[in-house]
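Peer 1: Next up is a structure, given as structure tokens.
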Amino acid sequence: MIKERNRCYWVNLPYTKAPKVMINENLFDTNEWLNAYPKKNGILRKYSPAAIVQGKGPVNVDTLTVTFGVYCEVYEETKNDSTQRTESAITLRPCNNEGGYFFMSLRTGRRFRGF
């Protein structure tokens, strides 16, 4: 099931190859979404597996504005000089319920957190 869900993510993206950071974060995100909703034949039909095991509350879908693999310019700290104020990045997955996301920097290839 996880393999099929991951294929659904990648089929619509324009990338032919992806770094390991993107693949790992996509697998983590797919697993999080599978556990975020209650199962029809589960132990408790009212609570999701994530709520039972990890104590997570319901997902606030109002804060989800960007999907996996989208190019973004992420704001960084402002310095009083002529350095760049945004970072070119690709969205990986949500990192909290307040609108934060994990991004992959196109300059360094590393994962970082932004809003």
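Peer 1: Short version: what are the Cα gyration tensor semi-axes of the chain, square root of 5 times each eigenvalue, largest first, in whole Å? Please report the intermediate quantities before stating the final value.
Peer 2: On the way: eigenvalues 183, 67, 20 Å².
Ellipsoid half-lengths, sorted descending, are 30, 18, 10 Å.
Peer 1: Relative to the present Cα-Cα distance, how much length would full extension add between ASP81 and ALA18 at 0.36 nm per residue of separation? Show your work: numbers first, answer last.
Peer 2: Values: separation 63, 0.36 × 63 = 22.68 nm, distance 3.40 nm.
Taking ASP81 through ALA18 to full extension adds about 19.3 nm, to one decimal.
Peer 1: Lysine pairs, Cα distance under 25 Å, 8 or more residues apart or cross-chain: how many in the chain? If you can, show how the numbers build up before the last one.
Peer 2: Values: LYS3/LYS17; LYS3/LYS20; LYS3/LYS39; LYS3/LYS40; LYS3/LYS56; LYS39/LYS56; LYS40/LYS56; LYS46/LYS56.
Within the chain, the lysine pair count is 8.
Peer 1: Oh, and also: How far, in degrees from 0 to 90, does helix 20-34 lean away from the longest principal axis of the Cα atoms of the chain, to the nearest 10?
Peer 2: Result, in degrees: 30.
Peer 1: Another one. When the chain is treated as a GNM, springs tying every alpha-carbon pair under 10 Å, which of PHE68, PHE28, PHE102 comes out with the largest mean-square fluctuation?
Peer 2: Residue with maximal mean-square fluctuation among PHE68, PHE28, PHE102: PHE28.
Peer 1: To the nearest 20 Debye, how big is the dipole of region 1-94 about its Cα centre, given +1 on the beta carbon of each Lys and Arg and -1 on that of each Asp and Glu? Intermediate results must be reported in sequence, preceding the final value.
Peer 2: Values: 13 positive and 10 negative charges, 152 e Å.
Once rounded to the nearest 20, the dipole reads 720 debye.
Peer 1: Then there is this: Hey, if you put +1 on the Cβ of every Lys and Arg and -1 on every Asp and Glu Cβ in the chain, which of VAL59, MET1, GLY114 ends up farthest toward the positive end of that dipole?
Peer 2: The Cα lying farthest towards the positive end belongs to MET1.
Peer 1: Now for a separate question. Using Cα-Cα distances under 8 Å and only pairs 6 or more residues apart, what relative contact order does the chain have, in percent?
Peer 2: Details: 148 pairs, mean separation 21.3, N = 115.
Dividing the mean separation by the residue count of the chain yields 19 percent.
No value in this document is a laboratory result; all are computed from the given coordinates. Just so it is clear, the model here is predicted, and its values are computed rather than measured. Counting neighbours? That spans all protein chains shown, and the Cβs are built from the backbone with ideal geometry, glycine included.
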